[in-house]
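Working notes for the structure below.
We did not get these values from a lab; they are worked out from the coordinates using the rules stated. Every value quoted in this text rests on a predicted model; they were computed, and no experiment measured them. With ideal geometry, Cβ positions are generated from the backbone for all residues, glycine too; neighbour counts draw on all protein chains shown.
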Amino acid sequence: MKLFLDTADLQAIKQWSKTGILDGVTTNPTLMSKAGGDPSEGVQEIARMMGAGDVSVEVTTTDPADVYQQAKRIAALADNIVVKIPCHTSYYAVIKQLVSEGVQINVTLVFSVMQGLAMNKLGAKYISPFIGRLDDINQDGIGLVQQLCMMRDQYAFKTQVLAASIRNREHLNQVILCAADVATVPVTLLEESLQHDLTDKGMERFLDDWAKLGVQQFP
Ligand code: E4P
C-alpha cells in the first residue's frame with residue numbers, strides 16, 4: 001500500500017520525504033493556494049524531492065480544450081507528475097486522449113461507484129474518492145472506498161483506488177484495512193497517527209531502568 005502526503009507545503013514534504021515512508025504527494029488548488037509562491041516552481045521542487053514518487057497536480061481551468069492543454073503543460077513539469085482532473089463527464093474525452101498520449105491521470109472528486117467504473121474504462125492511473133466530503137453530507141465515505149476496492153478486485157481493474165479527504169485516524173485505519181491502493185494523508189494527521197503515548201513512555205522507562213545499571217559504555 002502506498003502512503004502519500006496530502007499537502008503542497010515544501011517544508012513538510014522535505015521533512016517527511018527524509019523518513020522513507022512517503023510514496024508520493026497529492027496537491028489541489030486549495031493546498032497550492034495555502035502554500036503560496038510560484039506554483040510551477042513549487043511543483044517542480046516537490047517532484048524533485050519525491051524522486052520517483054508520484055506527485056498529483058490538479059488542473060485549474062474548466063473548458064475541456066483548456067484542460068487538455070493545461071494537463072499537457074503540467075505533465076511536462078516533471079516525469080513523476082500525475083495530472084488531477086475532476087470526475088465530470090465534460091472531461092471524459094480529454095482524459096481518454098491524455099491517457100492515450102501517456103499522461104498519467106488521477107481523477108479527483110469521485111463520489112460514486114459508477115464514476116469509478118467510468119474512470120477504469122478511460123484508463124486513469126488513480127481514482128480519488130473523497131471520504132470526508134461524503135461524511136460532511138452524512139453519507140458513508142469509507143463505504144464508497146470499500147465498494148471501489150471490491151469493484152477493483154472483482155474485475156481485476158488496473159486503476160488504483162486513492163483514498164482522499166482522509167480527516168481522522170479511523171478513516172486512515174479503515175482505508176488501510178480495506179486494501180485501498182493509496183492513502184493520502186494530511187500532515188497533522190500523519191504526525192498524530194504515527195505517535196503513541198505508550199511508545200514514548202516505554203522508551204523513557206527502558207532508559208531509566210538502563211541507567212540504574214550504571215554502565216558507562218555498551219557495548
Ligand atoms: C487529495 O487528493 C484531495 O484533494 C484532498 O484529500 C481533499 O481533502 P479535503 O476534502 O479535506 O479538502
**Message:** If I ask for residues that are within 13 Å of Met1 (Cβ to Cβ) and surrounded by 13 or more Cβ atoms within 10 Å (Cβ to Cβ), which ones from region 175-203 would you list?
**Reply:** Val175, Ile176, Cys178, Ala179, Ala180, Asp181, Val182, Ala183, Thr184, Val185
**Request:** Can you tell me which residue among Val94, Val107, Val103, Val99 is surrounded by fewer than 19 Cβ atoms within 10 Å (Cβ to Cβ), out of contact with any His (no Cβ under 8 Å at 6 or more places or on another chain) and either hydrophobic (A, V, I, L, M, F, W, C) or in a strand (DSSP E or B) (or both)?
**Result:** Val99
**Message:** Taking the conditions exactly as written (among the aliphatic types (A, V, I, L, M), touching a residue at least 24 places away in the same chain (Cβ under 8 Å), surrounded by fewer than 21 Cβ atoms within 10 Å (Cβ to Cβ) and part of a strand (DSSP E or B)), does Leu3 satisfy them or not?
**Reply:** yes
**Asked** What tally of residues in region 8-41 results from selecting those that are on the phi < 0 side of the Ramachandran plot and away from the ligand (no atom under 16 Å from the Cβ)?
**Response** 11
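Residues checked against (1) without any contact (Cβ under 8 Å) to a residue 60 or more places away in the chain; (2) touching a Lys or Arg at 6+ places or on another chain (Cβ under 8 Å):
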residue	(1), (2)
Gly102	yes, no
Thr108	no, yes
Pro129	yes, no
Leu134	yes, no
Gly141	yes, yes
**Message:** Looking at Asp153, Asp197, Asp209 in this structure, which one is closer than 23 Å to Phe111 by Cβ and more than 12 Å from the ligand (Cβ to nearest atom)?
**Reply:** Asp153
